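Asks: Please read through the structure below; I'll follow up with questions.
The values are calculated or read from the model by the stated rules, or taken from the named source; none is laboratory data. Note that this is a predicted model, so its numbers are computed, not measured. Don't worry about glycine lacking a Cβ; one is built from the backbone with ideal geometry, like all the others, and counts go over all protein chains shown. Note: areas computed on protein heavy atoms with side chains; ligands, DNA, RNA excluded. Shrake-Rupley method; radii C 1.70, N 1.55, O 1.52, S 1.80 Å.
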Amino acid sequence: MSYETILLEMREAVAIVTLNRPEALNALTVTMAREFKSAFAEAGEHGARAIVLTGAGRAFCAGGDLREMQQIAKQEGRLEAFFDEPLRLLHDCVLLIRQTPLPVIAAVQGAASGAGFNLALACDLIVAGETAKFNQAFVRIGLTPDCGGTFTLPRLVGWKIAAELLMTGDTVTAARAAELGMINSVVADADLMESVLQLAGRLAAAPTAAIGRIKRLLEESATNDLAAQLELERTTQIESGQTKDFKEGVAAFLEKRPPKFSGG
């Protein structure tokens, strides 16, 4: 497919999905949300076993496009128009990241603000360039957060730090974000994509069916009690034990050789 606001590139089994509105710091629009969903689907059709999400130019994503928000409200004749279908589309993108049974890695350079920050938080792993900055910008314009920020952030950094970041809109450096547990690692800006692609390649060569089940386990652990989580672990382990990857993993271990996983 051809896209207006998204770039999709395949590097062997790794799909690189790039938010591509650099002139607007990759601010999120309705078109981008629709194309985002299509790009993830196309990546799967091309056999992707890991996905990298990044932004073009000097920012990862500046959040929702306020100009488009105003235009939609004006066209519809009501202020809340943007918060109906357009915002639901953005939320669909967050759910897509979480429900995709593949590892998704955010490569963050420059600003990740508001919904852009929360889009990155939805990814399984985040690697940031050393000059990357994060903020929950919503409160600065009198809005409450979207795209899962109030769900994900407190689970990563704790209630008090999340309240501080959400209520002040203060900017956090990449180094501080790593200290707080919001992201996985910080690398030199010039090394960002190389580092992320190495990590993505490693995950793409892993038993991705098991990784998909790990994502499910982590997701459901947010609401399960211990008994329910133990039962889900038993169920998913049975499912994993019936895969070709498990047979290959055991055979490779016994034969003292590196495994060759197929993702099935």
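Asks: Do any helices (runs of 4 or more DSSP H) lying entirely in the range 130-218 carry at least 3 residues that are of a type in the set (Asp, Glu), and which ones are they? Don't jump to the end; show me each part of the working.
Replies: Numbers: elements: 149-157, 159-168, 174-180, 192-204.
Output list is empty.
Asks: Here's something else I'd like to know. Tell me, which residue of the range 234-243 that is over 9 Å from Ala209 (Cβ atoms) and part of a helix (DSSP H, G or I) is least open to solvent (accessible area, probe 1.4 Å)?
Replies: Residues of the range 234-243 that are over 9 Å from Ala209 (Cβ atoms), as a first pass: 234-238, 241-242.
From what is left, the residues that are part of a helix (DSSP H, G or I) are 234-238, 241.
Values: Arg234: 128, Thr235: 49, Thr236: 6, Gln237: 139, Ile238: 83, Gly241: 30 Å².
Among them, the one singled out is Thr236.
Asks: Sort out which residues of the range 92-117 are among the small types (Gly, Ala, Ser), open to solvent by less than 10 Å² (accessible area, probe 1.4 Å) and in contact with a strand residue (DSSP E or B) (Cβ under 6 Å, 6 or more places away or on another chain), and write them in order of number. Write out each step before concluding.
Replies: Of all residues in the range 92-117, those among the small types (Gly, Ala, Ser) come to 106-107, 110-116.
Filter once more, so that each one left must be open to solvent by less than 10 Å² (accessible area, probe 1.4 Å): 106-107, 112, 114-116.
Selection gives Ala106, Ala107, Ala112, Ala115, Gly116.
Asks: Oh, and also: Which of the residues spanning the range 176-222 are among the charged types (D, E, K, R), out of contact with any strand residue (DSSP E or B) (no Cβ under 6 Å at 6 or more places or on another chain) and open to solvent by 30 Å² or more (accessible area, probe 1.4 Å)? Spell out how you get there, then give the answer.
Replies: Going residue by residue through the range 176-222, those that are among the charged types (D, E, K, R) are 176, 179, 189, 191, 194, 202, 213, 215-216, 219-220.
Of the ones still in play, those that are also out of contact with any strand residue (DSSP E or B) (no Cβ under 6 Å at 6 or more places or on another chain) are 176, 179, 191, 194, 202, 213, 215-216, 219-220.
Result: Arg176, Glu179, Asp191, Glu194, Arg202, Arg213, Arg216, Glu219, Glu220.
Asks: Scan the range 134-157 and tell me whether some residue there is over 24 Å from Leu66 (Cβ atoms) and touching a strand residue (DSSP E or B) at 6+ places or on another chain (Cβ under 7 Å). Steps first, answer last, please.
Replies: First pass over the range 134-157, keeping only residues over 24 Å from Leu66 (Cβ atoms): 154-157.
Narrowing further to those that are touching a strand residue (DSSP E or B) at 6+ places or on another chain (Cβ under 7 Å): none.
So far as the range 134-157 goes, no, none of its residues is over 24 Å from Leu66 (Cβ atoms) and touching a strand residue (DSSP E or B) at 6+ places or on another chain (Cβ under 7 Å).
Asks: Here's something else I'd like to know. Does Arg67 meet the test of being crowded, with 24+ Cβ neighbours inside 10 Å and either free of Cβ contacts under 8 Å to residues at least 12 places away in the same chain or among the basic types (Lys, Arg) (or both)? Give the steps one after another, and end with the answer.
Replies: Values: crowded, with 24+ Cβ neighbours inside 10 Å: no; either free of Cβ contacts under 8 Å to residues at least 12 places away in the same chain or among the basic types (Lys, Arg) (or both): yes.
It is false that Arg67 is crowded, with 24+ Cβ neighbours inside 10 Å and either free of Cβ contacts under 8 Å to residues at least 12 places away in the same chain or among the basic types (Lys, Arg) (or both).
Asks: State whether one or more residues within the range 253-262 are modelled with pLDDT under 95, under 29 Å from Glu12 (Cα atoms), touching an Asp or Glu at 6+ places or on another chain (Cβ under 7 Å) and open to solvent by 70 Å² or more (accessible area, probe 1.4 Å).
Replies: yes
Asks: On the basis of being at pLDDT below 95 and open to solvent by 20 Å² or more (accessible area, probe 1.4 Å), does Ile161 make the cut?
Replies: Details: at pLDDT below 95: no; open to solvent by 20 Å² or more (accessible area, probe 1.4 Å): yes.
The answer is no for Ile161.
Asks: Right, something else. Only one of (1) under 27 Å from Asp84 (Cβ atoms); (2) outside any helix (DSSP H, G or I); (3) of a type in the set (A, V, I, L, M, F, W, C) is not met by Val127, so which one is it?
Replies: Every condition holds for Val127 apart from (1).
Asks: Looking at the range 236-247, I want the residues that are farther than 23 Å from Pro258 by Cβ and have a partner that is part of a helix (DSSP H, G or I) and modelled with pLDDT of 95 or more with Cβ atoms under 7 Å, at least 6 apart or on another chain. Which pairs are those?
Replies: Thr236/Arg213; Thr236/Arg216; Thr236/Leu217; Glu239/Arg213
Asks: Scan Thr54, Thr18, Thr5 and give me the residue that is at pLDDT 95 or above, touching a Lys or Arg at 6+ places or on another chain (Cβ under 9 Å) and open to solvent by less than 30 Å² (accessible area, probe 1.4 Å).
Replies: On the way: Thr54 fails: touching a Lys or Arg at 6+ places or on another chain (Cβ under 9 Å); Thr18 fails: touching a Lys or Arg at 6+ places or on another chain (Cβ under 9 Å).
Result of the check over Thr54, Thr18, Thr5: Thr5.
Asks: Quick one: which strands (runs of 3 or more DSSP E) lie wholly within the range 1-93 and hold at least 1 residues that are of a type in the set (S, T, N, Q)? Talk me through it step by step, then tell me what you get.
Replies: Numbers: elements: 6-11, 14-19, 50-55.
Output list reads 14-19, 50-55.
Asks: May I ask you to verify whether Ala24 is open to solvent by 10 Å² or more (accessible area, probe 1.4 Å) and either among the aliphatic types (A, V, I, L, M) or under 16 Å from Ala111 (Cβ atoms) (or both)? Walk me through how you get there before you give the answer.
Replies: Values: open to solvent by 10 Å² or more (accessible area, probe 1.4 Å): yes; either among the aliphatic types (A, V, I, L, M) or under 16 Å from Ala111 (Cβ atoms) (or both): yes.
Judged against the criteria, Ala24 is a match.
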